[in-house]
1. Sort PHE241, PHE55, PHE358 so the one with the fewest other Cβ atoms within 10 Å of its own Cβ comes first.
2. Using the count of nearby Cβ atoms within 10 Å as a rough guide to exposure, how do ASP22, ASP167 rank from fewest to most?
3. Along Cα→Cβ, 7 Å out, is where each label goes; now give me the distance between the ones at SER176 and LEU63 in nm to one decimal.
4. Under 22 Å Cα-Cα from LYS169, which lysines qualify once same-chain neighbours fewer than 8 residues away are excluded?
5. What is the spin-label model distance, in nm, from LEU77 to TRP168 if the labels are put 7 Å beyond Cα along the C-beta direction?
6. Stretch GLU216-ARG242 to full length: gain in nm at 0.36 nm per residue minus the Cα-Cα span?
7. If each residue's Cβ is checked for other Cβ atoms within 10 Å, how do MET105, MET1, MET166 rank with the fewest at the top?
8. With N residues in region 211-368, what two-decimal value do you get for its Cα radius of gyration over 2.2 N^0.38 Å?
Amino acid sequence: MRIKKLQIINFRNYEKLYVDLDPNINIFLGNNAQGKTNLLESIFYFAGGRSNRTFQDRELIRLNQSFFNIAAELETLNGSYHLKIAYTQEGKKKIKINGLEKKSMPKDFKAVIFSPDDLNLAKGSPSGRRDFLDREIGQISSIYSKTLRDYTKILRQRNKVLKLSMDWKKTEEDLSLWDEQFIHYGSLVLKKRLETIQKLSILSRLVYRRLTDNKENLHLNYVSGLEINHDSELEHIKSMFREQLNILKKDELKNRVSLLGPHRDDLKILIDNQPAKNYASQGQQRTCVLALKLSIMEIIKGKWGEYPVLLLDDVFSELDQSRRIFLVQEIKKGIQTFITGTREEEILNNLNVPAKIFLIKQGNVKVL
Ligand SMILES: Nc1ncnc2c1ncn2[C@@H]1O[C@H](COP(=O)(O)OP(=O)(O)OP(=O)(O)O)[C@@H](O)[C@H]1O
Ligand SMILES: [Mg+2]
């Protein structure tokens, strides 16, 4: 997958921008707050039609403007096409492929982003790890994002019923209207998460061992309120869900909130059998995230036949020499990569491969 040209209007701090991109490596240099991360965000947006930083598309519109437009010339195994996305302040989004209006985003363009925010994955909150899982699984399976949205909608309805509850008998009746759908979508989400974590666990274990000179072991575990694992059939997950929900119903009525389901689960990351949340060093956390991201790239390659584009936001400076070298070897597999940073030598000294270098200054980009 490649992005050949990029055109943006009124996106974040960019008024107007048009750039031809290198098919292999693009480096964006600039001081703080000039627009490096914003540029990567615009590229990420083409992979699925949402930002990696916010759920509110309105935030992406340049301040004091009423719309943004972003367009790109994309190349995938299916050929080249022109994708344009327009978004207005009123919340209207228009997607055009080769000039023709479409209802949904194309599914064959993917991006993996690795940013300083990700470095908090192992030690951060369970909700951060759930978001990570949901975002990455969404890239691998387009149906997953839709299922998750359906689940979240029903969860909201269910929580509303619990919150407004006056009389337990009536609340139980109201809940029963939602419960079958809740169990259905929740189980689909769980099944996909378990399947993906199983793959991710195997791959990231291998990458992590290579990154640590075969010295350390990474292991992923899905922590659920249900006793299920990656072998569990959908019907089994559903019946466990139903059973456990019944047991917890009294507590739910007391607490006025849904206590069971994928929205309460967590991804447990273990390094040498110790929970990374409590024990991992800074370096181990970085290595862990690097291993996970590179594994996701491999899963996407396995499923779609080609690597996604890789967005490395300011992470070169966060990695030590041996990890930088490892990363550069990965990039050399023919992955179109976008690297941002403030210091030219930090990136170039490690790269040793031809790259197109851009300088970003207050939302203006020029080729160096
Ligand atoms: N909707 C918006 N409209 C106008 N400006 C915005 C908007 N959203 C963000 N900005 C501004 O864009 C500027 C550049 O942000 P960006 O995150 O891209 O910086 P950066 O070059 O990555 O800096 P750093 O090196 O600190 O990470 C910031 O000053 C930010 O306030
Ligand atoms: Mg930045």
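Computed from the coordinates by the stated procedures, all read-outs in this text should not be read as laboratory data. Quick caveat, the model's predicted, so the values are computed rather than measured. All Cβ positions, even for glycine, are placed from backbone atoms using ideal geometry, and neighbour counts span all protein chains on display.
1. Working: PHE241 24, PHE55 8, PHE358 21.
With the sparsest Cβ surroundings first, the list reads PHE55, PHE358, PHE241.
2. On the way: ASP22 19, ASP167 8.
The order, fewest Cβ neighbours first, is ASP167, ASP22.
3. Placing both labels 7 Å beyond Cα along the Cβ direction yields 5.5 nm.
4. Here the lysines satisfying the reach criterion relative to LYS169 are LYS160, LYS249, LYS250, LYS254.
5. My value for the distance between the label points is 5.6 nm.
6. Details: separation 26, 0.36 × 26 = 9.36 nm, distance 3.93 nm.
Result: 5.4 nm gained on full extension.
7. On the way: MET105 19, MET1 24, MET166 6.
So the ranking, lowest neighbour count to highest, is MET166, MET105, MET1.
8. Numbers: Rg = 21.6 Å, N = 158, 2.2 N^0.38 = 15.1 Å.
Dividing the Cα radius of gyration by 2.2 N^0.38 Å gives 1.44.
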